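Readers should treat all values here as calculations from the given coordinates under stated rules, not as data from a laboratory. In this text, all values refer to a predicted model and were calculated from it rather than measured experimentally. All Cβ positions, glycine included, derive from the backbone under ideal geometry; neighbour counts span all protein chains shown.
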Amino acid sequence: MATLKILAGIIESACDKPVVKIGRMCGQYGKPRSSTTEPYQDDIINSYFGDNVNEFKASKVGRIPDP
């Protein structure tokens, strides 16, 4: 985040205009998947898309997307 603030300061002084700093959380919080479902114990359930979308525990109810 410090790098973002430094770059924003450079841009602000170069352009003489205010800069809005926006950060993005990524990694373990939200995961893209190539498939929306996965096989699990003779059934098909939704894929795990990350802790901010559904539960890690493999179950039909826990894998319903609820961001």
What helix-only [θ] at 222 nm does the chain give? Using -39500 (n - 2.57) per DSSP H run of at least 4, over all residues, to the nearest 500, the answer is -6500 deg cm²/dmol
Between the Cα axis of helix 2-15 and the main Cα principal axis of the chain, the angle (0 to 90°, nearest 10) is 40 degrees
Taking the chain, the whole-percent share of alpha-carbon pairs separated by over 19 angstrom is 51 percent
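May I ask for the net charge around residue 55, where only other residues with Cβ less than 12 Å from the Cβ of residue 55 are counted and Lys, Arg are +1 while Asp, Glu are -1? If you can, show how the numbers build up before the last one.
Values: positive: 57, 60, 63; negative: 51, 66.
The answer is +1.
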